[in-house]
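Below is one structure, written out as structure tokens; the observations come after it.
All of the numbers you see were taken from the coordinates with simple rules; none came from a lab. Just so you know, these numbers come straight off a predicted model, no measurement behind them. All Cβ positions, even for glycine, are placed from backbone atoms using ideal geometry, and neighbour counts span all protein chains on display.
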Amino acid sequence: MLYTMKAVLLALVLMTISACSAEMGMNPNSGTDVKNSEQKQEETPASQQTASTTTSASPYADSIVKDERSGIVPASLEIPAIDLKAEVEAVGLKENGEMAVTKSFEKTGWYENGYKPGEPGSAVIGGHIDSRNGPAIFYNLNKLSKGDELTVTSKDGESRTFVVTGKKEYPWDDAPLKSIFGYSHSSTLNLITCTGNFDRSSRNYSKRLVVYTELKS
């Protein structure tokens with residue numbers, strides 16, 4: 001009942017962000033011994049020796065912004081606006097390439113092959129909308145509005161809070177998988193469930209609802 005996600009697509013996305021430079025390291029030729037260094041200084045006029053010591057520190061040295069965002073493995077999800085509290089299980093892919101679902105209709109599933117909530121990238125948590133017995137955990141997901149907040153918490157109590165930025169429905173077989181599951185400079189968490197009409201023959205809903213959220217600064 002959840003979102004179709006091909007492993008090949010995510011692999012391609014990951015390949016594009018893993019091309020980091022391997023040349024950022026210490027120069028092996030910089031280990032000149034101290035004795036040779038002192039000898040060169042003695043042979044250099046004093047006026048030239050002081051040139052390297054007259055440069056002042058940059059006034060911006062202490063104001064450089066570093067990206068210290070880190071993700072967590074979610075164990076629970078809380079959405080006050082719809083009175084939702086649920087456990088979060090790690091899920092992967094089915095044999096057919098679809099994102100797996102939880103067996104319980106009262107739990108949600110975090111796609112563990114993707115991004116962790118809080119780190120740069122699009123983390124994804126999915127949940128059932130209903131069951132044969134009635135509403136399931138994400139039954140009221142469509143009631144969320146821009147500005148609503150949700151919090152995911154790890155087993156050791158570390159949490160990340162996200163703010164709803166929008167929501168959209170897509171045909172179950174035609175949605176922007178890259179923007180939902182792929183890399184993003186922002187730290188986002190996308191919630192997914194079924195919506196639309198239910199086809200009893202295929203036991204599938206016609207659409208998927210995606211609620212987009214972004215890490216609260």
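Key figures
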item	result
For region 99-217, share of DSSP beta bridges that run antiparallel, in % to the nearest 5	80 percent
Qualifying trypsin sites (Lys or Arg not before Pro) in region 76-120, DSSP loop, other Cβ atoms within 10 Å at most 15	K94, K103
Share of pairwise Cα separations in region 68-215, more than 27 Å, in percent	14 percent
28 Å Cα-Cα threshold exceeded, pairs from K155/K207; K143/K178; K103/K146; K94/K178	K155/K207; K103/K146
Calculated FRET efficiency for the pair D174/E149, C-beta based, R₀ 41 Å, to 0.05	0.85
